[in-house]
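Heads up: the structure comes next, in structure tokens.
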């Protein structure tokens, strides 16, 4: 009897197991099809409801299909633009006012019809309201120690105001040195305002700036990565790196605030970058850019640029335009400026950038220039800071060296310089990389310089840097391993999302 009961129990257990297994399989099927349905719906949204470049749309579709729920969550946190409409309206209205105020006495493109670069000047004015400023003095810094030495001197000599806007602030010796000067100046009663980016400073404790705020300084975060309760803003970044003292002197370029930018990092070693010091009328446009960003980040209203940003005397002989761009504007002004420079070249194009992920127009322009006999040279880092992004860079390098572009990898340390020089006559220096993120998603600022002496200094520095480089030839490029090539191709497919 006991044996019969045991058999019956065994049979029931097997039946129960089969029932639960079948139920589990059905639930798994439901979940799988639910995920597929969500992904399909998301793809429809991408195709029909958001206005994107086709390459970016297909990159998102690929990522979502390959990674399923992970791709869905990644799109929700990084890919969507929930705030873009409000961002566009708020920033664009202020920018339009800025253009009207700064342009009252502008002569951009006027009386310059015989000048070779008048079309580039007009392009920047029509797209970004960038005024052509004459009579500026420009200093060039390629080493962090000299740049920070000059910046600290300028901060200590400040008498009225200090306005700083940097993507990254570090809580290290360099960051604390800068902060100490700012706190001292705030105690003296100067207007001290700091803008930082939420993603660039996500590791920075909020207590870092608390002493400055207690002493009268003001700090604003341009975008916080996490906006309670369940909103994220990881897509747009304020990548600008500027400082303005007393509305008369400015610094602009690629250096952030931290020890690694003074070559004190064991990971990066020597840090090669390019930054400018500027005095003269162009500071007016840099200050205006800061004030517009401050108005947005600090949620202030009523900043009147006409009274805040005054005319400045000539201090030198350099012509320049300050061009800012970002997702708040209709046109990709810095990208279009680069494109116009490349397509206008007759003799030479020298480019330094840590990330080379061009869109098709820039890529085609570089190939055509090289095949037309123009001396086109690209310099990128040998040792990258982001391996996957570097894979995308190397995939594009293959396209251009086949067309005759000479490509060099900088080996002395890490190359972070963002410079393009054309024909020894015009150059651009600033925060924008030669990549899609800088062109479309980041808030950037560049100086376009029309001064032969300054441009030739930048070209001479480029040529000197080649001594610390190795050249990528078609033969050496072909020697890459199979695994390396696979990573590069995957990175290239996803490059519109980087």
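The values are calculated or read from the model by the stated rules, or taken from the named source; none is laboratory data. Please read all numbers here as calculations on a predicted model, not as lab measurements. Note: ideal-geometry Cβ built from the backbone for every residue, glycine included; neighbour counts use all protein chains shown.
One residue is enough: does the stretch 480-495 have a residue meeting the conditions part of a loop (DSSP other than H, G, I, E, B), surrounded by 12 or more Cβ atoms within 10 Å (Cβ to Cβ), in contact with a helix residue (DSSP H, G or I) (Cβ under 7 Å, 6 or more places away or on another chain) and modelled with pLDDT under 90? Looking for residues that are part of a loop (DSSP other than H, G, I, E, B), surrounded by 12 or more Cβ atoms within 10 Å (Cβ to Cβ), in contact with a helix residue (DSSP H, G or I) (Cβ under 7 Å, 6 or more places away or on another chain) and modelled with pLDDT under 90, one finds at least one in the stretch 480-495, hence yes.
Would you confirm whether or not the stretch 274-283 contains a residue that is modelled with pLDDT under 95 and not assigned by TED's automatic domain parsing to the domain that holds residue 434? The answer is no, given that none of the residues of the stretch 274-283 is modelled with pLDDT under 95 and not assigned by TED's automatic domain parsing to the domain that holds residue 434. Restricting attention to the stretch 363-373, the residues being within 20 Å of residue 391 (Cα to Cα) and in contact with a strand residue (DSSP E or B) (Cβ under 7 Å, 6 or more places away or on another chain) number 1. Looking across the stretch 320-332, the residues that are surrounded by fewer than 24 Cβ atoms within 10 Å (Cβ to Cβ) and in contact with a strand residue (DSSP E or B) (Cβ under 9 Å, 6 or more places away or on another chain) come down to 327, 328, 331, 332.
When residue 261 is tested against the conditions (1) surrounded by fewer than 21 Cβ atoms within 10 Å (Cβ to Cβ); (2) under 14 Å from residue 141 (Cβ atoms), the lone failure is (1).
Let's see how each residue does on (1) crowded, with 19+ Cβ neighbours inside 10 Å; (2) over 22 Å from residue 480 (Cα atoms):
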| site | (1), (2) |
| --- | --- |
| 350 | yes, yes |
| 354 | yes, no |
| 365 | yes, yes |
| 372 | no, yes |
| 379 | yes, no |
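Restricting to the stretch 166-202, and then to whatever is in contact with a helix residue (DSSP H, G or I) (Cβ under 6 Å, 6 or more places away or on another chain) and within 18 Å of residue 416 (Cβ to Cβ), can you tell me which residue is surrounded by the most Cβ atoms within 10 Å (Cβ to Cβ)? Ranking the qualifying residues of the stretch 166-202, first place goes to 169.
Restricting 454, 445 to those that are in a strand (DSSP E or B) and in contact (Cβ under 8 Å) with a residue 60 or more places away in the chain reduces the list to 445.
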